[in-house]
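The values are calculated or read from the model by the stated rules, or taken from the named source; none is laboratory data. Small disclaimer: the values here were computed from a predicted structure and weren't measured. Cβ placement follows ideal geometry from the backbone for every residue including glycine, while neighbour counts extend to all protein chains displayed. We work out accessible area using only protein heavy atoms, side chains counted, and drop any ligands, DNA or RNA first. Shrake-Rupley method; radii C 1.70, N 1.55, O 1.52, S 1.80 Å.
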Amino acid sequence: MNLSIRQLFGRKPKSSSIAKQRLKLVITQDRFDVDDRVMTRLHHELAEVLAKYFEFSANSVKMDLKQEGNSYILVADFPYTKFHETNMRQ
Amino acid sequence: MGRVIVVTSGKGGVGKTTSTANLGTALALLDKTVAVVDADVGLRNLDIVMGLESRIVYTSMDVIEKQCELSKALVRDRRVDGLMLLAASQKNNKDDIQPEQMKAICDKLRTTHDFVLVDSPAGIERGFSNASAGADEAIVITTPDVSAIRDADRIIGLLQNARIEPINLVINRFSPQLVGNGSMMDQDDVLDILNIELIGVVPEDSGVINSTNRGIPLVYEDGSPGAQAYMRIARRLTGQRIPIHNFEQKGLLNNIVNWFTRKK
């Protein structure tokens, strides 16, 4: 309704609302854009912890940030070859 | 013990130095003791904006290099009681100062002043780390445009990581006319994006250019909308509760125009 009235008056969407929309999008990206060095550190620390429980070859590990709608997901693949059962009993 | 507040923005040219000069002067006019510190080593400007450029003898660099005592390097503003300026060295660069050295200066200044306002250089590099090293609180200045707001968001993230709190926002160069016709984001839009506490809105004021030309901060001549806005911010900094001024134009004609042209 609102839109059609505005169209009747020949109004384009206000540039301030376009600015806000674009800013929201780009700032969400900025906020979630993780520094490569931080990702490498996280990678090492995760591998260190997981190595206590699993056996895996370091070069098969993959880590990635994925965007789904408005949220970001950290996806880490650690394909393991063996589970250290001894640690389970401690 | 005084409060150390860094005035910063990320983007240059949004009014950090003008705001530091006016807020420092405004706080002094409210009977507070204030030290304003120029942290823009190599590109100093707070002295000229405040009209004190001819009286600078020593800088923070001389204090750090133990060429003079801190008290001797402070320039007293004779127009108001309790206002001092510590200038930045113009012949050095930002890497010549360590964050710990700036912190030491701020910590010393806070023993003798109610407020220490540090004017940060633009950017997120060394100059910013130096300026924020000794700060407990921050004032982030932005203008209502996309680049300034994006940079403000980046700076806010860095300040949060450094555990600087509270972080208060000043929206500078606000134009009620442009907001009214939909070409400028209003304060709610900006707050919705940045999500921090708003401490004041400073309207676009042609008096600012005249006051910088003369070296007389706007707040000395009250009456202008900009001066009043800075005085309100200074009062809020001292803990007074003053509602945020609404600059948006009201009136029947405006309401009718806004109804037809309003944003989604």
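Let's test the formula: R0 of 25 Å, r as the Cβ-Cβ distance of residue A:76 and residue B:125. What FRET efficiency results, to the nearest 0.05? Could the numbers behind the result be given before it?
Details: r = 32 Å, r/R0 = 1.28.
Once rounded, the FRET efficiency stands at 0.20.
Average projected area of the Cα convex hull of the range B:3-263, in nm²?
Reported value for the Cα convex hull: 13.5 nm².
To the nearest 100 Å², how much accessible surface do chains B and A hide from each other in total, with a 1.4 Å probe? Counting protein atoms only, the buried area is about 1800 Å².
Contact with the other protein chains removes 10 Å² or more of accessible area, compared with the isolated chain and a 1.4 Å probe, from these residues of the range B:178-196: B:181, B:182, B:183, B:185, B:189, B:192, B:193. Summing Lys and Arg as +1 and Asp and Glu as -1 over all other residues whose Cβ lies under 9 Å from the Cβ of residue B:238 gives a net charge of +2. On the principal axes of its alpha-carbon atoms, the range B:15-82 has extents of 34, 24, 18 Å, going from largest to smallest.
Send over the semi-axes of the protein assembly as shown's equivalent ellipsoid, whole angstrom and largest first, taken as the square roots of 5 times the C-alpha gyration tensor eigenvalues.
On the way: eigenvalues 338, 235, 47 Å².
Rounded to whole Å, the semi-axes are 41, 34, 15.
Accessible surface calculations at 1.4 Å, restricted to protein heavy atoms, place the range B:116-156 at 25 Å² per residue.
As a fraction of the 1.4 Å probe accessible area of chain B, surface on carbon and sulfur atoms comes out at 48 percent.
At a Förster distance of 41 Å, what's the computed FRET efficiency of residue B:188 paired with residue B:43, Cβ-Cβ distance as r, to 0.05? Before the final figure, lay out the partial values.
On the way: r = 34 Å, r/R0 = 0.84.
It comes to 0.75.
Projected onto planes of every orientation and averaged, the convex hull of the alpha-carbon atoms in the range B:158-239 covers 6.9 nm².
Divide, for the range B:63-180, the radius of gyration over alpha carbons by 2.2 N^0.38 Å, where N is the residue count. It would help to have the intermediate numbers written out before the result.
Values: Rg = 16.3 Å, N = 118, 2.2 N^0.38 = 13.5 Å.
Scaled against compact globular proteins, the figure is 1.21.
Taking amide H positions as modeled 1.01 Å from N, with prolines and chain starts lacking one, the residues under 5 Å from residue B:118 and 5 or more places away or on another chain are B:5, B:6, B:7, B:37.
Take B:18, B:112 and sort them by solvent-accessible surface of the protein heavy atoms, 1.4 Å probe, largest at the top. Don't skip to the end; give the middle numbers.
On the way: B:18 30, B:112 95 Å².
In descending accessible area the options line up as B:112, B:18.
Here the simple spin-label model places points 7 Å from the Cα toward Cβ, and for residue B:160 and residue A:66 these points are separated by 2.5 nm.
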